[in-house]
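The values are calculated or read from the model by the stated rules, or taken from the named source; none is laboratory data. Computed from a predicted structure; not experimentally measured. We place every Cβ from the backbone using ideal geometry, glycine too, and count neighbours over all the protein chains shown.
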Protein chains: 2
Amino acid sequence: MTTSQHSTREAGATPRPRPGGRSARVRASVHRAVGELLAQAPAESLTIPAVATRAGVHPTTVYRRWPTLAELLADVAASRFSGDIVVPDTGSLRGDLERWATDVAIDLADPDVLALMRAAVGAAGPDGGDACVADRHEQLTAMLERERARGGPDDGSDRGPGGDPATVPSTDEAADALLGPLYYRAVFTARPGEPGWARGLVGRLLAGRG
Amino acid sequence: MTTSQHSTREAGATPRPRPGGRSARVRASVHRAVGELLAQAPAESLTIPAVATRAGVHPTTVYRRWPTLAELLADVAASRFSGDIVVPDTGSLRGDLERWATDVAIDLADPDVLALMRAAVGAAGPDGGDACVADRHEQLTAMLERERARGGPDDGSDRGPGGDPATVPSTDEAADALLGPLYYRAVFTARPGEPGWARGLVGRLLAGRG
DNA sequence: CCGCTAACGCAGTGATTGTTGCGATCAGGG
DNA sequence: CCCTGATCGCAACAATCACTGCGTTAGCGG
């Protein structure tokens, strides 16, 4: 039926996204505004008109791109917490984890980071939490996988509850031992974790292994 | 000057609080309303008029008793997370911790509890976090202190980084090993912790000790 | 049982939020 | 270079929120 359309559009159902210059500029400006406002005012007063004003953008624009504050915060968190920390390569698993845990601890000591994390978790629920730590889990998996490929004894599929020595821990175990304490202290207590303490967590995770 | 007042009031500066029947009833009703609303609607839509309507109370009453939503949430969290879990007494530290960690894990598996925790942390910042875990830290300290008084070898003030066997861990160590993973999984990931996994955390904390 | 006052309900008000329709502008492709 | 349409700014709108006096109710001590 009248397939004499000009372009290759099928039925106009899915509008082609246009991540070009202006859109990217607006996006970046809004993201920065969220971070700045969250850094100086309580999360309760963070509202879309306030963000728009701070970003130099009309509120309607923000309302259209991010339907709710929760989605906006999840987007900002995912963008902020992705690529901010690089996976180190010191040659040994212990060295990698110690360096990485220290970097994470330093990052979590920044009040602005804490404010953004708390707001994302509070408003966006599990999705917000995921946006904050998804990249960390990938980094952890990458380091453990590399160690396993490098000289890892075995993948630790069947070992007793005691934990065989010289076994690369799983991602879950490492997350429990490292991300757990790091993020728990950051979110629930006022005191930030010190670098030396973060290294101690790695030591406790790898105690009696390689 | 004219001390012929009827009562013993000094200068009328500090109004005597009146935690009587009606006030207590209103307080309980508002607390329950917050929990119920948080359980079925996103935290973003939690507003003081909504809470008041749900509680069958006039909004001005809520505005006067809790100046901001953050304080209200912190109050609700502190009330909800205090006294909900009793310190077990099984005779051994390992048994106490396993039982307690299991109870905490079960509590954290409740979606309503998670919603309240996330909202409190997101709105009230560090204070909200403290309101959620202050009681847990006290319970942990109580169990460790009791073990130390019971047959604790020493208070572990000066031991090497390896960790002496047969030493009662400090509150910080126990919080890192238990509360860290428990609350991290609950808040940042969608999957709740299973009881068996919680017991495993205790095993890892006490590995190579008593 | 009576008096005092803290705490609540009520009505009214200004400010802010969230939404919608329309015209202007700029990115991306022919 | 021009054309298409995705994206933005603008203005008006209804809805809701947060706040403030004032009268009334009810807890608490005498």
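Structure notes:
- Within the stretch B:44-56, tally of residues that are within 13 Å of DNA strand D (Cβ to nearest atom), out of contact with any Phe, Trp or Tyr (no Cβ under 7 Å at 6 or more places or on another chain) and touching a residue at least 24 places away in the same chain (Cβ under 8 Å): 1
- Residues considered: A:Pro59, A:Pro15. Of these, the only one that is modelled with pLDDT of 95 or more and more than 26 Å from the chain's Cα centre (by Cα) is A:Pro59.
- Test: residue in the stretch B:129-147 that is within 12 Å of another protein chain (Cβ to nearest Cβ) and modelled with pLDDT under 95: no
- Remark: pairs (first residue in the stretch B:57-69, farther than 15 Å from B:Ser23 by Cβ; second residue more than 8 Å from DNA strand C (Cβ to nearest atom) and modelled with pLDDT under 95; Cβ separation under 6 Å; 6+ apart in sequence or on different chains) = B:Leu69/A:Glu44.
- Whichever residue in the stretch B:42-71 is assigned to a helix (DSSP H, G or I) and within 12 Å of another protein chain (Cβ to nearest Cβ) and, among such residues, is nearest to A:Leu73 (Cα to Cα): B:Glu44
- Residue match in the stretch B:33-41 (condition: of a type outside the set (Asp, Glu), within 13 Å of DNA strand D (Cβ to nearest atom), at pLDDT below 95 and part of a helix (DSSP H, G or I)): no
- Being more than 16 Å from DNA strand D (Cβ to nearest atom), crowded, with 18+ Cβ neighbours inside 10 Å, among the hydroxyl-bearing types (Ser, Thr, Tyr) and away from every other protein chain (no Cβ under 14 Å) is a property that A:Thr102 has.
- Those residues of the stretch B:93-104 which are within 21 Å of B:Thr167 (Cα to Cα) and touching a residue at least 60 places away in the same chain (Cβ under 8 Å), in sequence order: B:Leu93, B:Arg94, B:Leu97, B:Glu98, B:Ala101
- The stretch B:32-65, residues that are of a type outside the set (Phe, Trp, Tyr), out of contact with any Leu (no Cβ under 9 Å at 6 or more places or on another chain) and within 12 Å of DNA strand C (Cβ to nearest atom): B:Pro42, B:Pro49, B:Ala52, B:Thr53, B:Ala55, B:Gly56, B:Val57, B:His58, B:Pro59, B:Thr60, B:Thr61, B:Arg64
- Top-ranked residue in the stretch A:183-203 [being more than 8 Å from chain B (Cβ to nearest Cβ), in a helix (DSSP H, G or I) and touching a residue at least 24 places away in the same chain (Cβ under 8 Å); ranked as farthest from A:Pro111 (Cα to Cα)]: A:Val202
- Among (1) over 15 Å from the mean Cα position of the chain (by Cα); (2) modelled with pLDDT of 95 or more - the single one A:Val113 does not satisfy: (1)
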